[in-house]
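Colleague: Structure in structure tokens, see below.
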Amino acid sequence: MNEIVSYFSAIPSSHRSLILVGGITIFWLIENAFPLFKFTYKKWHHAGINFFLTFTTILINFSLAFILLKTSDWTIANNFGVLQWLPTMPLWLYALIGLLLLDLIGAYLVHLMEHKVKFLWRFHLIHHTDTWVDTTSGNRHHPGESVIRFVFTTLGILIVGAPMWLVFMYQTISVVSTQFTHANIALPKKFDDFLSYFIVSPDMHKVHHHYALPYTDSNYGNIFSVWDRIFGTFMTLSKDKVIYGIDTYIKPEENNQLNNLLKIPFQEQRSAENS
Ligand SMILES: [Zn+2]
Ligand SMILES: [Zn+2]
């Protein structure tokens, strides 16, 4: 465990990039071999949009990373945050509690709010416009959403009192987990069901990408599924009933054009009835 902590304390940027690119490549190969849905789409055009939005997400997070560092250092120096207030415990338990709480505040809570607060939904809906969810969809976030998520990550670090190695550990697991839950792969149903008791499984997150309510407003979890189960937002829908996309933007010229996707948050908002 100590080796893991020291690895994440000083994880080189090159390793982080390698995990991101390597993960997408591996899941992309698996998707090709064992796809859940046989999409007929321009795979590179689709991936191009998602890679651009992944790139802007990385750029925003990279240029603001110093804020995370400063926040984390401040919590440790001032003995602030849940982890600092808890009694001494084994390192693995400390890490597990930290990861769970970072997942709650920096991922579950912000995601829930993005669905419930109209202004935040304007940005988040770009993630939902994808009609061919695959491993490249994981970080399809409008730059505005990347900033919103960054604010909540910072808030999470502050409340949790998370040391930087834990933040890096969380972000690394989160990258791979996101690629996994979006990948166009079909696990045996029983295995997927079993996984969904602990972590967000591919089938579980696919329900969140169903084009219509109430399913769009379910399964907000990122790494751990426990928050959806505790807060009653866990839903199931069989794979053959899932239709990707969002009911307000069903036209391909709107949901499959980068230019338009970037503009959507600043256009007039629609409800499903008048789309
Ligand atoms: Zn969502
Ligand atoms: Zn998603």
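What follows draws every value from the coordinates through simple rules; no lab data is involved. All values reported here derive from a predicted model rather than from experimental measurement. Neighbour counts run over all protein chains shown; Cβ positions are idealised from the backbone, glycine included.
Colleague: Quote the FRET efficiency, to the nearest 0.05, computed for Leu100 versus Lys38 with a Förster distance R0 of 41 Å and r equal to the Cβ-Cβ distance.
Modeller: 0.65
Colleague: For region 90-96, take each phi angle, set θ = phi - 60°, evaluate the Karplus expression 6.51 cos²θ - 1.76 cosθ + 1.60, and give the result in whole Hz per residue in order, putting x for glycine and proline.
Modeller: Whole-Hz 3J(HN,Hα) from phi for region 90-96: x, 4, 5, 6, 4, 5, 5.
Colleague: For the chain, what does the helix formula give at 222 nm: sum of -39500 (n - 2.57) over DSSP H segments with n ≥ 4, over the residue count, nearest 500 deg cm²/dmol?
Modeller: On the way: 14 runs with 165 residues, N = 275.
Helices in the chain give a 222 nm mean residue ellipticity of -18500 deg cm²/dmol.
Colleague: Could you compute the longest span of the chain free of chymotrypsin sites (Phe, Trp or Tyr not before Pro) located in DSSP loops and having at most 12 other Cβ atoms within 10 Å, not counting the site residues?
Modeller: With a cap of 12 other Cβ atoms within 10 Å, the longest stretch comes to 1-196.
Colleague: Among Leu213, Leu69, His141, which residue has its Cα positioned farthest towards the positive end of the charge dipole of the chain, with +1 placed on the Cβ of Lys and Arg, -1 on the Cβ of Asp and Glu, and the dipole taken about the Cα centre?
Modeller: Most positive-ward Cα: His141.
Colleague: Same structure again: Hey, could you get me the Stokes-Einstein D for the chain, Kirkwood radius over alpha-carbon pairs, 25 °C and 0.890 mPa s, rounded to whole µm² s⁻¹?
Modeller: 127
Colleague: Additional query: Sort all Cα-Cα distances of region 1-80 into consecutive 5 angstrom bins from zero, then give the percent of pairs in each bin up to the one containing the longest distance.
Modeller: Pair shares across the bins are 3, 10, 13, 19, 16, 12, 10, 8, 5, 3, 1.
Colleague: Also, quick follow-up: Please give the length that would be gained between Val21 and Asp73 if that part of the chain were fully extended, namely 0.36 nm times their separation in residues minus their C-alpha to C-alpha distance (nm, one decimal).
Modeller: Here the answer is 15.8 nm.
Colleague: I would also like to ask the following. Nothing charged except the Cβ atoms of Lys and Arg (+1) and of Asp and Glu (-1): what's the magnitude of the dipole of the chain about its Cα centre? Round to the nearest 20 debye. It would help to have the intermediate numbers written out before the result.
Modeller: Details: 19 positive and 19 negative charges, 43 e Å.
Result for the chain is approximately 200 debye, rounded to the nearest 20.
Colleague: Using just the Cα positions, wrap region 117-256 in a convex hull and report its mean projected area in square nanometres, one decimal place. Present the calculation step by step, with values, prior to reporting the outcome.
Modeller: On the way: hull surface 35.4 nm².
With the hull built on Cα positions only, its mean projection is 8.9 nm².
Colleague: Here's a follow-up. Can you give the FRET efficiency for Tyr197 and Glu268, using 1/(1 + (r/R0)^6), R0 = 30 Å, r = Cβ-Cβ distance, to the nearest 0.05?
Modeller: 0.10
Colleague: Within region 2-266, what is the number of lysine pairs with alpha carbons under 21 Å apart, leaving out pairs fewer than eight places apart on the same chain?
Modeller: Final tally of qualifying lysine pairs is 23.
Colleague: Taking every pair of alpha-carbon atoms in region 173-275, what share in percent sits in each 5 Å bin, from 0 to the bin with the longest distance?
Modeller: Taking every Cα pair in region 173-275, the percentages come to 2, 12, 20, 21, 18, 13, 10, 4, 0.
Colleague: Now for a different question. Under 5 Å between amide hydrogens, which residues at least 5 positions from Ile199 or on another chain qualify, with H placed 1.01 Å from N in the peptide plane?
Modeller: Result for Ile199 returns Ser225.
Colleague: At what distance in angstrom do the alpha carbon centres of region 126-203 and region 214-275 lie from each other?
Modeller: Cα centroid to Cα centroid, the span is 15 Å.
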